[in-house]
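Enquirer: Structure provided below as structure tokens; questions to follow.
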Amino acid sequence: MENVQDQKLDKLKQYMESVKGEEHPESYLIAILHRVQELYGYLPQEIMDQVASAMSIPTAHIWGVATFYHYFNLTPRGKHVISICLGTACYVKGADKILNTLKDYLKVNIGETTADNMFTLQETRCLGACGLAPVMMIDEKIYGELTPEKTRQILDKYKT
Ligand code: FES
């Protein structure tokens, strides 16, 4: 029986085959990168190499495109993604203290994932919940009126 990784690769190959006959396969590159991220959660190096050879596009060009669009993740994501809002309303209410709390607790910087793959920390602009500033979002859930203490308690719950 095929393992999950092989199944993902098969799906990706099928997709690339379906756009291969097109006149400008390169114009499908973004769609292919979206598909890779959908399947793997980020853009793994070895998969990018396969995309490059299948599409006859230099790997360096693919990375150029991938890094231009901030949407693409170049490193693996944790089980939970924490987005700390650094928008103006949150900032004036002390988002920098919350950010420092998160960095200390998780021992990562913005854009990094914890060693146990549990959390990825990222920054974001206004989450549309300024009335609750300072705010962070974990996966799809918003947490507001944060203090360093409250932030640590929330993270504790995710850990258990
Ligand atoms: S500035 Fe943070 S929610 Fe609006």
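Read the figures in this text as sums done on the coordinates, not as results from a lab. Keep in mind that this is a model prediction, so the values were computed, not measured. Here Cβ is always computed from backbone atoms with ideal geometry, including for glycine, and neighbour counts include all displayed protein chains.
Enquirer: Taking 1 over the mean of 1/r across every pair of different Cα atoms in the chain, what Kirkwood radius in Å do you get?
Expert: Working: mean 1/r = 0.0567 Å⁻¹.
One over the average 1/r among Cα pairs gives 17.6 Å for the chain.
Enquirer: About the Cα centre of the stretch 80-159, how large is the charge dipole given +1 on each Lys and Arg Cβ and -1 on each Asp and Glu Cβ? Please answer in debye to the nearest 20.
Expert: Around 140 debye, computed over the stretch 80-159.
Enquirer: While we're on this one: Which Cys in the chain stand alone, with every other cysteine's Cβ at 4.7 Å or more from theirs?
Expert: C126, C130
Enquirer: What's log10 of I(q)/I(0) for the stretch 47-89 at q = 0.19, 0.27 Å⁻¹, Debye sum over Cα points only, no solvent?
Expert: Those come out to -0.72, -0.99, one per q.
Enquirer: Using the Kirkwood radius over C-alpha pairs as Rh, can you work out the diffusion coefficient of the stretch 61-156 via Stokes-Einstein at 4 °C, viscosity 1.567 mPa s, in µm² per second? Kindly include the intermediate steps, with their values, before the conclusion.
Expert: Details: Rh = 13.7 Å.
My calculation gives 94 µm²/s for D.
Enquirer: For I84, what is the net charge nearby, where nearby means another residue's Cβ is under 10 Å from its Cβ and Lys, Arg count +1, Asp, Glu -1?
Expert: Residues near I84 contribute -1 overall.
Enquirer: Counting just the Cα atoms, what span does the stretch 4-68 cover along each of its three principal axes? Round to the nearest Å and put the largest first.
Expert: For the stretch 4-68, the Cα extents along the three principal axes come out at 31, 26, 17 Å.
Enquirer: A further question follows. Among T75, L86, T114, whose Cα projects farthest towards the positive end of the dipole of the chain, with charges put on the beta-carbon of Lys, Arg (+1) and Asp, Glu (-1)?
Expert: Farthest towards the positive end: L86.
Enquirer: Residue farthest toward the positive end of the dipole of the chain, with Cβ of Lys/Arg at +1 and Asp/Glu at -1: which of Q7, A52, T160?
Expert: T160
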